[in-house]
Amino acid sequence: MTAASAVSGASAANLAGRFGVACTHCGLAVPPGLVREGAPHGTRFCCAACATAYDLLQSHGLGGYYAFSERREVAVRRTDRSYDEFDHPAFAELYVQPAGEGRLRTELYLEGVHCASCVWLVERVPLLVPGAVRAELDVRRSLARVEWDPRQVSLSAIARALDTLGYAAHPFRGVTRDAMRTREDRAMLTRIGVAGAIAGNVMLAALALYSGEFHGMEREYERLFRWVSFGLTIPALLGPGRLFFAGAWSALRTRTLHMDLPIAIALGAGFARGAINTLADSGPVYFDGVCVLVFLLLTGRFLQQRGQRAAADAAELLYSLAPTSARVRGSDGAERECPAAGLLPGMEVVVRAGESFPCDGEVVEGRSSVNAALLTGESRPAGVAPGGAVYAGTLNVQAPVVVRVGAPGEASRLAQLLRHVEEGAARRAPVVAFANRLSGVFVAVVLVLAAVTFALWYGRHPQAAWDHAIALLIVTCPCALALATPLAVTVAVGRAARGGLYIKGGDAIELLARPGVLVLDKTGTVTEGRTTLVAWQGDDAVRPAVLALEDGSSHPIADGFRRAWPGLAAARATELAHHVGGGITGVVNGAEVLVGAPRFVATRTGADADAWVRRLGDATLTPVLVAVGGRVVAVAGLGDRVRDDARATLDRLRARGWRTLLLSGDDPGVVAAVGNRLGFAPGEVTGAATPEAKLAAVVRLKAGARDRRAPVVMVGDGVNDAAAIAAADVGIGVHGGAEACLATADAYLTTPGIEPLVRLGDGARRTMRVIRRNILFSLGYNLLGVVLAMTGVISPLIAAIMMPASSITVVLGSWLGRSFDATATRPGGRAHGAAGAEPGTGAAAVAA
């Protein structure tokens with residue numbers, strides 16, 4: 001019995017002793033009110049659930065459970081769930097695999113698993129549920145592997161049986177990665193522990209041998225210590241050290257020069273030399289050095305692995321923004337907690353104010369506001385009502401809502417976005433491929449230098465020849481060189497993601513580090529991509545009346561007015577009438593109000609509409625006239641407003657050497673006006689470009705590039721720009737176009753505006769500097785090691801200490817290096833473009 005179970009048993013016995021009666025099933029104390037005299041066989045239960053579990057076991061001949069001296073001393077806690085979702089086709093698609101002969105199998109995470117009696121009980125579920133074929137429980141991970149015949153029983157029935165016994169079941173998906181990491185860590189720590197223990201004992205034997213060198217030792221004792229060291233070194237190499245030999249063997253089979261190859265040669269050479277001297281009963285043995293090398297190398301690899309993992313976790317940081325559990329509402333209206341990984345399409349979840357949505361879905365009950373800054377970058381919460389869409393990771397701000405699950409877990413928009421980031425981070429940039437090729441060449445050079453070192457020293461001192469050659473093989477392990485590039489790219493991608501720049505791969509970083517041709521779409525890229533009130537001329541007092549008429553309209557112009565005056569209270573309008581192609585009329589405070597196109601208003605009022613339109617001074621805007629009591633009192637100019645940061649950003653990019661082009665499908669006159677405002681030359685602006693024309697333009701730019709290293713970058717919202725984005729050397733999707741950009745863009749800007757393009761280029765250049773610094777450091781470090789080993793300055797033991805130090809230095813250099821600033825502009829930061837002129841100036845530029 002373990003210490004934990006003994007303590008648990010002692011506490012249960014104390015409680016039972018205090019009340020005088022212990023529960024027959026779980027052993028806990030039975031409250032006095034539940035003690036019934038005359039119960040059959042003297043049974044007593046602390047709760048109804050324990051009584052049910054006891055009756056179930058006894059009726060199926062499983063009373064042997066109570067013969068275990070160590071049982072689960074926890075009262076049965078049934079959830080009384082129906083588990084109907086386990087029979088859903090979507091569940092089968094996600095979690096169920098065929099097992100042959102018409103059977104199915106799945107893995108379930110069970111709550112309440114404690115000890116060996118749980119294993120015995122769970123594995124006898126087939127006796128409780130006809131049709132259940134097999135149940136195996138991994139008690140350490142609380143993982144049950146269940147196999148059943150769907151023609152005889154449903155998975156929900158098996159789950160209900162487990163629930164009756166106190167083991168609430170959940171799909172195991174979502175925790176496998178952490179479990180795998182735990183297994184890897186434990187396995188590595190076990191290797192390190194075994195290697196350390198062996199190394200300590202071999203060092204004790206070596207200490208005795210070294211002492212004998214100075215003070216003398218009987219031959220039989222010297223021989224004993226030699227053979228003891230030899231015997232202990234064998235399991236050190238076959239056990240913990242096997243990791244390096246397996247890597248070397250794989251390298252030989254694939255005909256590649258892997259970093260484990262020189263390590264395996266060094267360890268093998270040291271052991272072989274020591275074994276020969278042990279058999280010959282003369283000369284030094286290297287077993288102490290070999291065992292300590294295994295220990296130090298494993299320790300260095302473990303620390304290196306943890307550093308790499310910390311860097312990789314930076315790219316996954318945003319996963320923590322999605323909740324791990326959800327509140328599911330059943331068909332009876334009751335709510336229950338469920339892991340977010342267990343959600344299935346069609347379920348209904350309750351999300352309270354202040355909680356994040358656990359999945360993508362549709363609101364079916366309630367009204368609230370949602371902060372979707374994580375995905376859209378919009379800082380202001382947006383209202384949602386029944387029928388509205390919500391997304392995992394976004395925040396419910398105002399009131400409880402009920403959401404029907406549409407895309408849970410890995411199918412959610414957030415998971416897709418981050419999966420693209422993860423997949424892209426593993427994509428190898430040219431500089432990564434170069435570093436890998438360099439590592440292979442470096443290993444070959446090291447092997448040659450080791451042979452040269454051995455040959456040069458063998459004639460003068462055979463023993464020193466072995467030492468120096470082994471030291472060279474160890475100290476020049478190209479671990480740091482192999483880590484220099486991918487680790488820096490991984491850290492950079494993670495930091496960029498935390499700063500609102502989602503980059504899919506290291507190749508994009510390398511290309512963006514050099515200036516080239518930057519092609520920008522207009523609508524939604526350099527402009528806000530929505531109808532906005534840009535100019536206002538006339539009486540400000542009429543604005544509440546305009547809002548009164550437009551309040552219930554879904555027209556884009558009405559939306560532009562509402563967003564322009566968010567804090568203005570609308571007046572009350574009656575007799576509203578919509579005129580297709582004209583405008584809207586109504587009565588406000590007893591006066592007739594008209595809001596519409598110039599021709600429509602002029603026809604109703606007889607006013608000179610052209611004179612009012614000329615007041616706007618911008619032919620690219622859509623004019624809307626406002627008339628009260630038959631007289632025009634104001635004119636509004638609405639259009640797709642140029643982003644506030646556009647001109648300054650483009651000027652900064654041009655100063656960095658980028659050639660900028662504007663390519664749009666809008667009217668050529670409108671595009672030319674916008675281009676002129678943003679500093680584009682006439683030849684750098686193209687309007688009325690179809691998606692096919694945009695694609696052809698990008699292909700033409702790539703083919704005609706004078707400098708093949710200068711990239712052609714396409715920036716767009718990902719709708720009609722998708723083909724051009726995919727064809728460019730680097731495609732960039734801007735804020736607001738996430739869905740269309742995910743499949744084709746190499747980078748995605750989550751914050752409004754194009755200012756992040758400057759941060760993207762600057763961060764890419766800094767990342768390349770970190771990569772070059774890492775490569776130069778690792779080459780210089782290894783060159784120093786070669787010199788020290790060939791000149792006999794360092795021993796194999798010192799080389800083993802120096803080798804992981806170089807890798808750790810590269811890890812720290814990548815982690816601490818300044819690539820992307822994760823705190824510059826995070827998703828959800830203030831949106832650009834909230835500017836406006838003073839009322840009454842005639843130039844009220846209002847943006848959302």
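Some points to look at:
- Selection status of Gly718, closer than 23 Å to Arg647 by Cα, open to solvent by less than 50 Å² (accessible area, probe 1.4 Å), at pLDDT 85 or above and outside any helix (DSSP H, G or I): no
- With respect to being part of a loop (DSSP other than H, G, I, E, B), open to solvent by 50 Å² or more (accessible area, probe 1.4 Å) and at pLDDT below 80, Arg77 fits the description.
- Matching residues in region 652-676 - criterion: being in a helix (DSSP H, G or I) and closer than 24 Å to Leu512 by Cα: Arg652, Leu653, Arg654, Ala655, Gly675
- Here Thr649 meets each of (1) in a strand (DSSP E or B); (2) touching a residue at least 24 places away in the same chain (Cβ under 8 Å) with one exception, condition (1).
- Applying a threshold of 7 Å to beta carbon distances and a minimum spacing of six or more residues, or different chains, the list of pairs starting in region 771-783 at a residue that is among the small types (Gly, Ala, Ser) and ending at one that is open to solvent by less than 60 Å² (accessible area, probe 1.4 Å) reads Ser778/Ala480; Ser778/Leu481; Ser778/Ala484; Ser778/Ser806; Ser778/Val810.
- Residue list for region 677-691, filter: touching a strand residue (DSSP E or B) at 6+ places or on another chain (Cβ under 8 Å) and open to solvent by 30 Å² or more (accessible area, probe 1.4 Å): Arg677, Glu684, Val685, Thr686
- Criterion (at pLDDT 80 or above and outside any helix (DSSP H, G or I)) met by exactly one of Ala326, Ala236: Ala326
- Within region 677-706, the set of residues being part of a helix (DSSP H, G or I) and farther than 22 Å from Val730 by Cα comprises Arg677, Pro682, Gly683.
- Elements of type strands (runs of 3 or more DSSP E) in region 552-608, at least 1 residues being open to solvent by 30 Å² or more (accessible area, probe 1.4 Å) and at pLDDT below 85: 573-579
The values are calculated or read from the model by the stated rules, or taken from the named source; none is laboratory data. These numbers were taken from a predicted model, which means no experiment stands behind them. Using ideal geometry, Cβ is built from the backbone for each residue, glycine included, and neighbour counts are taken over all protein chains shown. SASA here: full protein model, heavy atoms, side chains in, ligands and nucleic acids out. Shrake-Rupley method; radii C 1.70, N 1.55, O 1.52, S 1.80 Å.
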